[in-house]
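Q: Structure provided below as structure tokens; questions to follow.
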Amino acid sequence: MNLAENFREGLRSVNANLLRSILTATIVAFGIMSLVGILTAIDGIQNSVNDSLSELGVNTFNISSKENRSQRRSGVVEKSYPQLKYKEIKEFEENYFYPSTMLISATVTQIAEVKRLSKKTNPNVWVAGGNDEYVTLNGLYIDKGRNFSNLDLQYGTNVIIIGHQILKDLYDENEEAIGTNLNFLGGKYRVIGVLEKKGMSNRNYDNSIVMPLLTAKRAGGNRQLSYTITIGISDQTKIDQAMGEATGIMRKIRRDRLGDPNSFDIEQSMSLSERMAEVTGVLRVGGFTVGFVTLLGASIALMNIMMVSVTERTREVGVRKAIGATPLRIRQQFIVEAIVVCLIGGFFGIILGILIGNLVASLMGITNVVIPWIWMLFGVVICVLVGLISGYYPAYKASKLHPIDSLRFE
């Protein structure tokens, strides 16, 4: 009996014990479904995030003023460094030519009270200045209106982009905000854009106002604003090179002496892709754990069924041995039967896993359909391994049966 005949015999055995085989295959199917489903959903989420961030420069680093602690250590007062100035920021912007996306921002105040006609907000509005990349690199979107133009940035016009909460507090429903004026910090500013609702994050962008950087400098009066440069690099492998070039330019602008430490802070932000990798890594471990536990139960059930099958077919094994079947062929027969049951369950489990994984991703607003070929192949391999492990001992036991004793079995 060759391997093909063993496979056909496995199918006949499955058909002969259809209900039992279906129940066992169903257990395997649920194990594979949980494994492939979770991993498919994770891949869908990760692909969507990577696609969305590919144009933004998901790997960023920041240049900011060095924190001056003015502390005394071992009798020596730590050196303090002057803050980054507006002219230094602009000089850096003009001289940094590395392919990147650059955001320059500064916080004016976090306790502004904004007024319009008879309405006003609570004195907790966050006002910031930024360039035309402020919206993009902060993961924001303009719902109505426009972004800052080159003229706005160059001449510091009194224009602003407001958050969703500001719109809600100062305007009636369906009232147009674009083109209207708001009063705060002793000035009047014209609304040119409204941000989409962001929700809770590390900063409350919904309750914020953004103005051109030069406008923010004037709004701050005589106060020295704390400027931050955020540079986004699309190619993660080149982040060190980009940081090195930025460090050299800023040291030259700040006139840092050779051998002295930087008079500014430059640090790489943890990229969004790395954060997503951490989250998806945890989810994958959870998926593997759920799938492993389910498949462990399926393998035990399958081994039990194969042991029963060996007992029921003792006379059949004796007949086959009597007509020349070797122990190897007997082992092959029962192992192939176990693998066939697992493959049938695995096939339906993979299909259900793909459907459920994409359904979960779609419920999270992700429209891309993911066909996880790698996980499908992985699922098939797992099915074969489960069948092989579960079927080996029953097959070994069957191959050791004595022909005469088997023929006498009732």
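Each reported figure results from applying straightforward, stated rules to the coordinates on display, with no laboratory input. Quick caveat: nothing in here was measured; it's all calculated off a predicted structure. So basically every Cβ, Gly included, is an ideal-geometry build from the backbone, and we count neighbours across all protein chains shown.
Q: Could I have the simple spin-label model distance between Trp373 and Lys119, label points 7 Å from Cα toward Cβ, reported in nm to one decimal?
A: 5.4 nm
Q: For Lys400, give me every one of the lysines with a C-alpha distance below 21 angstrom, ignoring sequence neighbours fewer than eight places off in its own chain.
A: Leaving aside lysines fewer than 8 places away in the same chain, those within reach of Lys400 are Lys321.
Q: Moving to a separate point now. Express in whole angstrom the spacing between the alpha-carbon centres of the stretch 166-228 and the stretch 319-361.
A: The distance from the Cα centre of the stretch 166-228 to that of the stretch 319-361 comes to 64 Å.
Q: How much FRET efficiency would the formula 1/(1 + (r/R0)^6) give for Lys85 and Glu196, where r is the Cβ-Cβ distance and R0 is 25 Å, rounded to 0.05?
A: 0.15
Q: Give a residue-ordered list of calculated ³J(HN,Hα) values for the stretch 98-115 (Karplus: 6.51 cos²θ - 1.76 cosθ + 1.60, θ = phi - 60°; whole Hz; x for Gly, Pro).
A: 5, x, 6, 10, 10, 10, 10, 9, 7, 8, 8, 6, 10, 10, 6, 10, 9, 10
Q: For each pair in Lys119/Lys217; Lys87/Lys120; Lys90/Lys115; Lys144/Lys217, compute the distance between the two Cα atoms and list the pairs where it is over 29 Å.
A: Lys87/Lys120; Lys90/Lys115
Q: Would you mind counting up the charge near Leu214? Only other residues with Cβ under 13 Å from its Cβ, with Lys and Arg at +1 and Asp and Glu at -1.
A: Its environment carries a net charge of +1.
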